[in-house]
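The next block holds one structure in the form of structure tokens; read it before the comments.
The values are calculated or read from the model by the stated rules, or taken from the named source; none is laboratory data. Since this is a predicted model, take the numbers as computed values, not measurements. When we count neighbours, we look across all protein chains shown, and the Cβ atoms used for this are built from the backbone with ideal geometry, even at glycine.
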Amino acid sequence: MANTTSSKGNEARNVAGQAVDKAKEVAGQATDKAKDFASQAVDKARDAASHVSEMASNVASTVGRKADDYTSAAGSGIKNFGDTIREHGPQEGMLGQATKTVASTTKEVGRYLEEEGISGMMEDMTTMIKRNPIPAILVGVGLGVLIGRLLKS
């Protein structure tokens, strides 16, 4: 009878060992599946972030092009306004000379806006600030003081 108890104990140990081995195997498979799932989730998140970034870049590019188009249209209108000033203003004397100067300056501003657009203006401004940093800072401070006083009133 002792032998039967011992063999049943060994059998129980074997069954328990097999159960532990099976549990380890299932846990390993679950861990592998969880790693695969996490890897797939990271890949999907990267794809989504890349897609969102690409969309934002496209939107920014479109907005930039639209701003340049509107600036070009405004430049054309300003140029036409310069022509109107020249045609309808006084032609002789001091007022005639002033009219010609205002008309040519207005046309030149319109031409600049039409050709350069917002992006060209930003490049020119950046170049000017790089060449003349101290005057640019002083102009910025002066504008800040002026705006501050206007808002304070």
Quiz item: Across the stretch 1-33, which residue is modelled with the highest pLDDT among those that are within 60 Å of the chain's Cα centre (by Cα) and of a type in the set (K, R)?
Solution: K33
Practice problem: Specify which of the listed residues (A49, A67, A74) is exposed (fewer than 12 other Cβ atoms within 10 Å of the Cβ), in a helix (DSSP H, G or I), small (G, A, S) and at pLDDT below 85. | Solution: A49
Quiz item: Among K79, K66, which is free of Cβ contacts under 8 Å to residues at least 12 places away in the same chain, within 20 Å of G110 (Cβ to Cβ) and charged (D, E, K, R)?
Solution: K66
Practice problem: Could you tell me whether any residue of the stretch 98-108 is among the hydrophobic types (A, V, I, L, M, F, W, C), assigned to a helix (DSSP H, G or I), more than 30 Å from S61 (Cβ to Cβ) and touching a helix residue (DSSP H, G or I) at 6+ places or on another chain (Cβ under 9 Å)? | Solution: yes
Quiz item: Between residues in the stretch 136-151 that are free of Cβ contacts under 8 Å to residues at least 60 places away in the same chain and residues that are aliphatic (A, V, I, L, M) and assigned to a helix (DSSP H, G or I), which pairs lie under 6 Å by C-beta distance while being six or more apart or on different chains?
Solution: A136/I129
Quiz item: Before we move on, is R86 exposed (fewer than 12 other Cβ atoms within 10 Å of the Cβ) and over 22 Å from V63 (Cα atoms)?
Solution: no
